[in-house]
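Peer 1: Sending over a structure as structure tokens; questions will come in a sec.
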Amino acid sequence: MKTVYHKADSRGHADHGWLNSYHTFSFANYQNKDRTNFGVLRVLNDDTVSQGMGFGTHPHRDMEIISIPLEGDLEHKDSMGTTAVIKKGEIQVMSAGTGVMHSEYNKNKDEAVKFLQIWVFPKELNVEPRYDQKSIKEGEKINGFQQILSPNKNDDGVWIHQDAWFNLAQFKAGNGKNYMLNKKGNGVYAFVLKGSAKVGDRILNERDGLGIWDTQSFNIEAVDDAEILLMEVPMELPAYMK
């Protein structure tokens, strides 16, 4: 088993007033040659958007973009004609493919919105742009793994154009479980949303991250009540990037 540890306070940070963002991997003005990506996981941003503020219309292409709200509501509009609001307990995915324009706003006047913005390199370029969102609260599992994303259209959660599986792991203190990887050659980036847990051989606290690869499985045990996002992704970059 190989691992890479990213302590919460080692992340890149940008405070734009209306946007307070922490970057696990290089993004915008935060550039760290040792933290460019984890396999095909390219971006993991921990964003807080102030009341009535947001990201104006901007372009994306050839990227799988996943948003997971942690607090508050986020309004999404795009050039595919989608207008939607995502909130805690939901997950949103947008396959940018051949190109899409979109905006994201916090329309609430009384509270900030906190969400994770995640980018994953797709298996292939120039796919047809698409949008989807689903409730993940309905399938909530305590002391287990809840799949919220996969490569399969008929699986639990949303799907993307990549051999990736995301799970929410929610454990009460003292409980744990072994995670089995879905595909050989994949790795898992574990990101602690709440509490603390022992992942593999390391204790992780809130907003710490640990990448794990060259293994078929690893164990998770909650030290305190914990909520962890497990992002299993291919470690080898797509052929079009070589």
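Peer 1: Could you go through region 142-151 in sequence order and give the Karplus-derived ³J(HN,Hα) for each residue, using 6.51 cos²θ - 1.76 cosθ + 1.60 with θ = phi - 60°, rounded to whole Hz, and x for Gly and Pro?
Peer 2: 9, 6, x, 10, 10, 6, 10, 7, 7, x
Peer 1: Here's a follow-up. Using each residue's phi in region 163-171, evaluate 6.51 cos²θ - 1.76 cosθ + 1.60 at θ = phi - 60° and report the 3J(HN,Hα) Karplus result to the nearest Hz, with x for Gly and Pro.
Peer 2: 7, 10, 10, 10, 10, 8, 10, 10, 10
Peer 1: Here's a follow-up. Output the pairs from Lys7/Lys242; Lys2/Lys198; Lys114/Lys183; Lys134/Lys242; Lys33/Lys137 with a Cα-Cα distance over 27 Å in this structure; if there are none, say none. Please report the intermediate quantities before stating the final value.
Peer 2: Numbers: Lys7/Lys242 30 Å; Lys2/Lys198 16 Å; Lys114/Lys183 31 Å; Lys134/Lys242 34 Å; Lys33/Lys137 37 Å.
Checking Cα-Cα distances, Lys7/Lys242; Lys114/Lys183; Lys134/Lys242; Lys33/Lys137 exceed 27 Å.
Peer 1: For a Förster distance of 45 Å, can you work out the FRET efficiency between the beta-carbons of Lys172 and Thr83, rounded to the nearest 0.05?
Peer 2: That pair, Lys172 with Thr83, gives E of 0.70.
Peer 1: I would also like to ask the following. Could I get the Rg over Rh figure for region 65-130? Both from C-alpha atoms, Rh via Kirkwood, rounded to two places.
Peer 2: With Rg and the Kirkwood Rh in hand, the quotient comes to 1.00.
Peer 1: Something else: Relative to 2.2 N^0.38 Å, what does the C-alpha radius of gyration of region 40-93 come to as a ratio? Two decimals please.
Peer 2: 1.17
Peer 1: Moving to a separate point now. Taking 0.36 nm per residue of separation and subtracting the Cα-Cα distance, what length does fully extending Met180 through Glu111 add?
Peer 2: Extra length available between Met180 and Glu111 comes to 21.0 nm.
Peer 1: Let me ask something additional. Pull out the extension gain between Glu221 and Gln31, defined as 0.36 nm times the separation in residues minus the alpha carbon to alpha carbon distance; nm, one decimal.
Peer 2: 65.1 nm
Peer 1: With all protein chains present, how much of the accessible area of the chain (probe radius 1.4 Å) comes from carbon and sulfur, to the nearest whole percent?
Peer 2: Working: 4960 of 11030 Å².
Accessible surface attributable to carbon and sulfur in the chain totals 45 percent.
Peer 1: Just the number, please: percent antiparallel of the DSSP beta bridges in region 139-231, rounded to the nearest 5.
Peer 2: 95 percent
Peer 1: What accessible area, in Å² to the nearest ten, does a 1.4 Å probe give for Lys242?
Peer 2: Estimated to the nearest 10 Å², Lys242 gives 150 Å².
Peer 1: Contact order normalised by length for region 1-51, with contacts defined as Cα pairs under 8 Å and 6 or more residues apart; what percent is it?
Peer 2: Taking the mean separation of contacting Cα pairs over the length of region 1-51, I get 33 percent.
Peer 1: What is the gain in length, in nm to one decimal, between His58 and Asn152 on full extension, counting 0.36 nm per residue of separation less the C-alpha to C-alpha distance?
Peer 2: Taking 0.36 nm per residue and subtracting the Cα distance, the gain is 31.0 nm.
Peer 1: Counting other Cβ atoms within 10 Å, keep those with at most 11, restrict to DSSP loop, and tell me which trypsin sites (Lys or Arg not before Pro) in region 15-88 are left.
Peer 2: Lys33
Peer 1: Just flag the trypsin sites (Lys or Arg not before Pro) in region 145-177 sitting in loop per DSSP whose Cβ has no more than 13 other Cβ atoms within 10 Å.
Peer 2: Numbers: sites: Lys153, Lys172, Lys177; in loops: Lys153, Lys172.
Hits after loop and neighbour filter: Lys153, Lys172.
Peer 1: Related question: Sort largest first and round to whole Å: the equivalent ellipsoid semi-axes of region 142-242, each the square root of five times a Cα gyration tensor eigenvalue.
Peer 2: 24, 15, 11
The values are calculated or read from the model by the stated rules, or taken from the named source; none is laboratory data. Just so it is clear, the structure is predicted and the values come from calculations on it, not from any experiment. Glycine also receives a Cβ, built like all others from the backbone with ideal geometry; neighbour counts cover every protein chain displayed. Accessible surface is based on the protein model in full, side chains and every heavy atom, while ligands, DNA and RNA are left aside. Shrake-Rupley method; radii C 1.70, N 1.55, O 1.52, S 1.80 Å.
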